[in-house]
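Please read the structure below before turning to the comments.
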Amino acid sequence: RHLARGANGQVAMGLQSQSTSDTTHPLVGVSAGPLSHIRLLDMPHDALNRMRGYCGSVAFDSSETVLAATSPRGGLAVFWNVVSGNYLGQVSLADCCGVAPMIEHGAFVLTSGTGAVAKVETGTNGVSHQEMQAPSAGTHWDNHLSAAL
């Protein structure tokens, strides 16, 4: 569904499931490079269910140690430490799809089809977010968001 490549060659994949069964499938993977093994990332079952089989975008943070994935169907963004593989948490944002790194390590900007924009920070205390722009009837962001670092 969506790919992100880090400067060090690692690749993140946001997937989608077209299964008609009730079985959930991993939706995010990382690889050390194009010919390396793909490691599917674990996440809590409730977050995986909420994504409804669809990942819209993925992005590495500026340090390339934190990975973000969005799900507009689920209205959330999820985060991992890609070095350890540990799930860091999630934030809710209706129709959330666009994601890009900010200059600060562990920080991202999220955009929504509702026009909302939010800043997310990941760290030792979990994941927090702050609304930067409220939903707007005349603004609709899609999943293609790039950082201007």
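The values are calculated or read from the model by the stated rules, or taken from the named source; none is laboratory data. Since the structure is predicted, the reported quantities are computational estimates derived from the model, not experimental observations. Note that we place each Cβ from the backbone using ideal geometry, even for glycine, and neighbour counts take in every protein chain shown. To get the accessible areas, we keep the full protein, side chains included, count just its heavy atoms, and leave off ligands, DNA and RNA. Shrake-Rupley method; radii C 1.70, N 1.55, O 1.52, S 1.80 Å.
At a glance:
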quantity	calculated
Listed peptides 33-40, 137-144 by packing density, highest first (mean Cβ within 10 Å)	137-144, 33-40
Rg in Å to one decimal, and Dmax rounded to a whole Å, for the chain via C-alpha atoms	14.2, 44
Accessible area per residue, Å², segment 1-84 with all protein chains present, probe 1.4 Å	48 Å²
Segment 27-42 and segment 74-149: distance between their alpha carbon centers, rounded to Å	21 Å
Rounded percent of accessible protein surface that carbon and sulfur make up, segment 39-149, 1.4 Å probe	51 percent
